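See below for the structure under consideration.
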Amino acid sequence: IAYDTAGKTRWSRKLPAEFGRIANDWVYSSSTLLLNDTLFLQVLQRHGVSFLIALSAKDGKTKWRQERRTDAIEESRDAYTTPIPLVSKDSTQILILGGDCLTAHDPDTGKELWRFGGFNAQQRKDWRTIPTAIVDADRAYINVARGYSIIAVKTGGFVTREEFQPRQ
């Protein structure tokens, strides 16, 4: 739902009515990202098709919808993360974390630009991603599900992995 500054509804959408029930075991909870005039929303779910959707902030109409595949299993397909922008001098990308991987998407088309995975090498069923990644100019920092490490993924193409362990 979008409201104007007086609190009047400008537009509303019922995405489950359009795309099917959002199937997370512990209630869906991802925030939207507003970038320029577009709202980005990810639906990473256990059952059904996971996707990233871009809506016009002005009228709520769909600009594009991109399916997001994953090899994750059961609960590990779910994610409560929020899309985040990665802005550099050369480009802007939308990063999505969940389903055992980090993906970058073109904000104009939704096309997947690159992917980095391997967060759940044991293929655990209970590896749901909850915290959103954070970024700086060169890296995305990922708090690994159910773990005590943070992975820094060098962004922009194919990537390096650095792991940081907490102090005891």
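Structural remarks
- The range 71-80: number of residues that are out of contact with any Cys (no Cβ under 9 Å at 6 or more places or on another chain) and surrounded by fewer than 22 Cβ atoms within 10 Å (Cβ to Cβ): 4
- Of the residues in the range 92-104, not one is open to solvent by 20 Å² or more (accessible area, probe 1.4 Å), farther than 21 Å from LEU41 by Cα and at pLDDT 80 or above.
- The range 111-152 - residue that is β-branched (Val, Ile, Thr), under 15 Å from the mean Cα position of the chain (by Cα) and more than 20 Å from ARG69 (Cα to Cα) and, of those, modelled with the highest pLDDT: VAL135
- The set of residues in the range 118-136 being open to solvent by less than 80 Å² (accessible area, probe 1.4 Å), farther than 15 Å from GLU74 by Cβ and touching a residue at least 40 places away in the same chain (Cβ under 8 Å) consists of GLY118, PRO131, THR132, ALA133, VAL135.
- Consider the range 32-54 and keep the residues that are at pLDDT 85 or above and outside any strand (DSSP E or B). The one that is surrounded by the most Cβ atoms within 10 Å (Cβ to Cβ) is SER50.
The values are calculated or read from the model by the stated rules, or taken from the named source; none is laboratory data. Keep in mind it's a predicted model, so treat the numbers as computed, not measured. Because the Cβ atoms are built from the backbone with ideal geometry, glycine has one as well, and the counts that use them run over all protein chains shown. What goes into the accessible areas is simple: the full protein's heavy atoms, side chains included, and nothing from ligands, DNA or RNA. Shrake-Rupley method; radii C 1.70, N 1.55, O 1.52, S 1.80 Å.
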